[in-house]
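Chemist: Got a structure here, written out as structure tokens. Questions coming.
The values are calculated or read from the model by the stated rules, or taken from the named source; none is laboratory data. What you see is a predicted model; the values in this text were computed from it and never measured. Cβ sites come from the backbone with ideal geometry, for glycine too, and all protein chains shown count toward neighbours.
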Amino acid sequence: MDTDKQSQAMGQGAEPAQAQQVGDGRMEGQGTGQQGAAAAGAAGTRNVGVLTPPVDVIEDAGGITLLADIPGVSRENLHLRLEAHSLTIEGALSLDIPQDMQSRYAEVRHQHYERTFALSRDLDGAQATAELAQGVLKIRIPKTQQAAPRKIPVSAAPR
């Protein structure tokens, strides 16, 4: 999807990075563990921060579909929040270490995903659906009845 269509799908005239990061002030790459090597703490863990999951936004005549890549996050550790005209995806990944083993260094053991999107007023958040399969979160948000395209019947004029 090109930049203009992506901005329209989310109802923004702004650049996609700005529209996608409503309220948290981060731009792509910030808070994603891409800041370079962080110093290992005493417990042998790396402070990675919040990861920004990659997302595809697909628009059709009936609404938008978001596909977010959140590998390892279970349904129980996934939280979607819809407030006014913004959607927030949050997820946590926690890998357990077997009791007979001890962690020496861990970068993946505890991860937190978060991403917020500004939504168009033409989308009906109350009708949103979500499903998680093989690490991919699929969120479908239909357009409101007023915004959905519709056919206008043409009748014959009275004689």
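Chemist: Filter the range 35-84 down to residues that are among the polar types (S, T, N, Q) and either under 27 Å from residue 118 (Cβ atoms) or surrounded by 15 or more Cβ atoms within 10 Å (Cβ to Cβ) (or both) and give me whichever is modelled with the highest pLDDT.
Modeler: As a first pass, look at the range 35-84 and keep what is among the polar types (S, T, N, Q): 35, 45, 47, 52, 65, 74, 77.
From the residues that got through so far, the ones that are either under 27 Å from residue 118 (Cβ atoms) or surrounded by 15 or more Cβ atoms within 10 Å (Cβ to Cβ) (or both) too are 35, 45, 52, 65, 77.
Working: 35: 32, 45: 48, 52: 92, 65: 97, 77: 94.
Ranking the candidates gives 65 first.
Chemist: Filter the range 122-146 for residues that are in contact with a Ser or Thr (Cβ under 8 Å, 6 or more places away or on another chain) and farther than 20 Å from residue 54 by Cα and give the result.
Modeler: Hits for the range 122-146 are 122, 123, 124.
Chemist: Just name the residue that is surrounded by the fewest Cβ atoms within 10 Å (Cβ to Cβ) out of those in the range 85-103 that are free of Cβ contacts under 8 Å to residues at least 40 places away in the same chain and among the hydrophobic types (A, V, I, L, M, F, W, C).
Modeler: 101
Chemist: Among the residues of the range 104-148 satisfying the criterion of being of a type in the set (D, E, K, R) and within 13 Å of the chain's Cα centre (by Cα), which is surrounded by the most Cβ atoms within 10 Å (Cβ to Cβ)?
Modeler: So the residue we want is 115.
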